[in-house]
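Reviewing the structure listed below.
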Amino acid sequence: MNEKDFQNKIKQTIEKIVVNVGIGKMANSNPNFESKILPQIIKDLSLITGQYPKITKAKKSIAGFKVREGQLVGLQVTLRNKKMIDFFSRLVKIVLPRVRDFSGIPLSKIDQNGSINIGLKDQYVFPEINPEESIIQFPLGINIVSKIKNRKVAEETYLNLGFPFKIKK
């Protein structure tokens, strides 16, 4: 499959990719979070995704989680079109093979609507991030939302796109 066909197949298959970073615990535990750590996380996430993240705040207070309404809880980036295609191809071809002890993503990560949810422990697997410059390590949640609303068809399509699944023997 040449690059043009690959890009067209991604456009037909994937609706959007959402990248999330939860920063609630970091914000509560560090006194200089707003001035030093938050700008670094925003910079790294911008390098990874190619666009500026949206800051998400708590919609209501939850005492059990020590969260107050309006408190900063995360960053979110929604990728569509060209940036989505670039991110997906980098994720499949470069990033996932760089994950330590990576043996494939379990097929159970595909939900009934054909979407995939992946969690990465840190941002250092992305080649854009220099570990010496980045002062904080943060986990990423990547949600790939499919246009195909059937789990089996989406599974076959992702395999054709080269997504590295853990195949049972």
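Taking the Cα centre of segment 111-157 as origin and charging only Cβ (+1 Lys, Arg; -1 Asp, Glu), how large is the dipole, in debye to the nearest 20?
Once rounded to the nearest 20, the dipole reads 440 debye.
Relative to the dominant Cα principal axis of the chain, helix 81-90 is inclined by about 80°. Residues in segment 11-17 carry Karplus couplings, in order, of 4, 6, 8, 9, 7, 6, 10 Hz; the curve used is 6.51 cos²θ - 1.76 cosθ + 1.60 with θ = phi - 60°, and Gly or Pro positions show x.
Using the Cβ-Cβ distance between Arg80 and Asn150 with R0 set to 25 Å, the FRET efficiency from 1/(1 + (r/R0)^6) comes to roughly 0.70. Sorting the segments 100-107, 81-88 by their mean number of nearby beta carbons within 10 angstrom, highest to lowest, gives 81-88, 100-107.
In the chain, the calculated helix contribution to ellipticity at 222 nm averages -8500 deg cm²/dmol per residue, counting -39,500 (n - 2.57) for every DSSP H run with n ≥ 4.
Checking every one of the GluC sites (Glu not before Pro) in segment 89-169 against DSSP loop status and a limit of 16 other Cβ atoms within 10 Å picks out Glu128, Glu132, Glu133. Remark: the Lys9-Tyr52 segment gains 12.9 nm on full extension, using 0.36 nm per residue and subtracting the alpha carbon distance.
In plain terms, the residue of Tyr158, Tyr124, Tyr52 with the fewest other Cβ atoms within 10 Å comes first and the most crowded comes last, giving Tyr52, Tyr124, Tyr158. Taken about its Cα centre, segment 3-162 carries a charge dipole of about 560 debye when Lys and Arg each add +1 at the Cβ and Asp and Glu each add -1 at the Cβ. Once you've got the Cα coordinates, tell me which of Lys16/Lys43; Lys16/Lys121; Lys57/Lys121; Lys83/Lys109; Lys60/Lys93; Lys59/Lys121 are over 28 Å apart. The pairs that break the limit, which is 28 Å between Cα atoms, are Lys60/Lys93. Between Lys16 and Ile94, the modelled labels are 2.4 nm apart [label points 7 Å from Cα along Cα→Cβ]. For the options Val153, Val125, Val18, a Gaussian network treatment of the chain with springs between C-alpha atoms closer than 10 Å singles out Val153 as fluctuating the most.
Rule-based calculations on the coordinates, nothing more; no lab input. Computed from a predicted model, the values in this text were never measured in an experiment. Cβ: placed from backbone, ideal geometry, glycine included. Neighbour counts: every protein chain shown.
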